[in-house]
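The values are calculated or read from the model by the stated rules, or taken from the named source; none is laboratory data. Computed from a predicted structure; not experimentally measured. Note that we place each Cβ from the backbone using ideal geometry, even for glycine, and neighbour counts take in every protein chain shown.
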Amino acid sequence: MKSRLKLLGLVAAPALVTAVVPAAHAATAPQPNSTRTAIAGDVLPGLKQNAARTGKVAADKRISVAISLTPRGGKALDTFVAKVSDPRSGSYGHYLTKHQFAARFGRTDAEIGQLKDYLRAQGLTVGTVHSGNLLVDASGTAAQLEKAFGTKLSTWKDASTGRAFYANDSAPTLPGALASLVSDVAGLNNRVHLHHQAPSTVTPHNGPGGGYTPAQLKGGYNVSGTSTGSGQKVALIEFDGFKQSNITSYDNYYGLGSPAPTVKAVDGGSGALGDGQVEVELDIEVLHAIAPKANVTVFEGPNSDAGEVDTYQAIVDSGIPTTSISWGAAESARTTSNLNAVDAVFKAGAAQGLGFYAASGDDGSDDAGDGGTSVDFPASDPYVTGVGGTKLTVTSANAWSKEVAWSGGGGGKSSVFKIPSWQTAVQKSAGGGYRQVPDVSAHANPSPGVSIYSQGSWSSVGGTSAAAPEWAAFAALYNQQAAAAGKANLGFANPALYKANGTGFHDVTSGSNGAYSAGTGWDFTTGWGSYNAATLASKLLG
């Protein structure tokens, strides 16, 4: 529901990758009074213009941070991902294991040791060093963080919403040797909380007939009876929880026989159940509707900058090949360094054969709500498949009848990311050379929405948070067929989806999301359109 929950080289096959043995740690921590360098983009945009300072953060307040490091090899990781995701490349599908990724692109043990020594010297507690050697967790008091990162932490009040938050007054700094390695320090502000992408008009009904059923969704998108997602894994990133009793009621009503989802708590989990519960249960039940035999793992993390990047990293660490994302925020609400830090996790996932499907937002072409055009992140990330919204109509026999663009479906151009090579063939002049959103779409209209069982009753719920798991479910169905054919998982799907050039899609040619209208082929409202599961899978399998 759209309530703003105050959540938030040449490529070789893996067998040929030369392992790099990290150097033994023998480094000396840089001194805090050595020449310091600012971490570019790591301060909230327009902070002093859009908020009023109200005081200092209490010196003894404990804060957790997640420190992102730049991959080794410069643009080598970009080159690798481009080739391993391109169906025309001989390296297509030859993904790296997480150990191979760390050896090839992660920072060395000596570099990690240097960072850890410095943090400990400032009194911080060092937590997890994640598997790719590109993310390090730490915690300490506000005073210790101020000393370590050469900034001040103040309390602020947002001028438009009145919400209180804390933030670093200036970009953090580090001694030069470390600053050259670090790209972001997530957790120095708590202004942005991710919201879930579902309209606020959740309409209760006396029974499940108010929204589309599993049979209608599978029929509308031509999912065959033998495609169940059996043997496949799907991850959900969530910043709230769910009750298994609601999932069980849904599964039992439709006789789905789905395995119960597994919960993975990250950084202590998401806390007590909130009004995002309906979002989590929507995500799970849509996946069960279309891919009932897939194994779902729900990654629940704190709704904070540090919690977000840690939860995405935990998904990459797990190796689960498909992730559905229904939470986000406008690009303009984030720091540039935070966008780049999360982007780096998605890129690492792409190198390891993981695909991410993110809701494009429910505010049409004005995601920021400021009267202009803007898009939602992470749907706008170049290593994520952004999923827009449609209104699907099915026949009495549950077959696809027609589809139009949903007026609330997010779409437009990124203000941060340049257009990726696989998208240039459909580049629109309105895009101005920047990443275009969405890539694909699926049913999101709330009337009728998707029938779900949540909080003890049946409801019809819509939004692009229904569309994202509809596409993640397709990826699970595809991966089931790929495994049977001895082929690689779909992984980062966009290069292959764009190479399909519309084959296997329902092209949505009518409807608008505000500034943009649907048309033939790719457009800013629905991307390529929704999937015809049988024909698209056949096209992708070759």
Q | Hits in region 184-215 - residues which are buried (at least 17 other Cβ atoms within 10 Å of the Cβ), part of a helix (DSSP H, G or I) and at pLDDT below 95 | A | Pro208, Gly210
Q) For region 315-336, how many residues meet the condition of being surrounded by fewer than 24 Cβ atoms within 10 Å (Cβ to Cβ) and either within 16 Å of Asn494 (Cβ to Cβ) or of a type in the set (S, T, N, Q) (or both)? A) 4
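Can you name the residue in region 68-99 that is of a type in the set (Phe, Trp, Tyr) and not in a helix (DSSP H, G or I) and, of all such residues, is farthest from Phe356 (Cα to Cα)?
Only one residue tops the list, namely Tyr92.
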Q) With respect to Asn303, is the statement that it is surrounded by fewer than 22 Cβ atoms within 10 Å (Cβ to Cβ) and farther than 24 Å from Ser441 by Cβ true? A) no
**Q.** Residue selected from region 148-200 under the condition basic (Lys, Arg) and farther than 27 Å from Ala344 by Cα, by the criterion nearest to the chain's Cα centre (by Cα)
**A.** Arg163
Q: Consider Tyr383 carefully, then state whether it is modelled with pLDDT of 95 or more, of a type outside the set (D, E, K, R) and assigned to a loop (DSSP other than H, G, I, E, B).
A: yes
Q. On the given criteria, is Tyr498 among the hydroxyl-bearing types (Ser, Thr, Tyr), touching a helix residue (DSSP H, G or I) at 6+ places or on another chain (Cβ under 7 Å) and over 24 Å from Thr228 (Cα atoms)?
A. yes
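Collect the residues in region 383-407 that are surrounded by fewer than 24 Cβ atoms within 10 Å (Cβ to Cβ) and of a type outside the set (A, V, I, L, M), keeping them in residue-number order.
Within region 383-407, Lys391, Thr393, Thr395, Ser396, Asn398, Trp400, Ser401, Lys402, Ser407 meet the criteria.
Inside region 42-67, can you point out the residues that are more than 12 Å from Ala186 (Cβ to Cβ) and assigned to a loop (DSSP other than H, G, I, E, B)?
Result: Val43, Leu44, Pro45, Gly46, Val57, Ala58, Ala59, Asp60, Lys61.
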Q) If a residue has to be part of a loop (DSSP other than H, G, I, E, B), in contact with a helix residue (DSSP H, G or I) (Cβ under 9 Å, 6 or more places away or on another chain) and surrounded by fewer than 17 Cβ atoms within 10 Å (Cβ to Cβ) to count, how many in region 239-255 make the cut? A) 1
Q | Which numbered condition Leu135 fails, given (1) surrounded by 19 or more Cβ atoms within 10 Å (Cβ to Cβ); (2) farther than 13 Å from Pro71 by Cα; (3) out of contact with any Gly (no Cβ under 8 Å at 6 or more places or on another chain) | A | (2)
Q.
Against the definition (at pLDDT 95 or above, buried (at least 24 other Cβ atoms within 10 Å of the Cβ) and in the same structural domain as Ala430 (by TED's automatic domain parsing)), how does Leu339 come out, yes or no?
A. no
(Q) Please determine whether any residue of region 4-20 is at pLDDT below 95, in a loop (DSSP other than H, G, I, E, B) and of a type in the set (S, T, N, Q). (A) yes
Q: Give, as residue ranges, the helices (runs of 4 or more DSSP H) completely inside region 455-542 that count at least 1 residues that are among the β-branched types (Val, Ile, Thr) and surrounded by fewer than 19 Cβ atoms within 10 Å (Cβ to Cβ).
A: 533-541
Q.
For region 401-437, give me each residue that is outside any loop (DSSP other than H, G, I, E, B) and basic (Lys, Arg).
A. Lys402, Lys413, Lys418, Arg435
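Kindly indicate whether any position in region 258-270 is within 19 Å of Val234 (Cβ to Cβ), assigned to a helix (DSSP H, G or I) and of a type outside the set (Gly, Ala, Ser).
Looking through region 258-270, none of the residues is within 19 Å of Val234 (Cβ to Cβ), assigned to a helix (DSSP H, G or I) and of a type outside the set (Gly, Ala, Ser).
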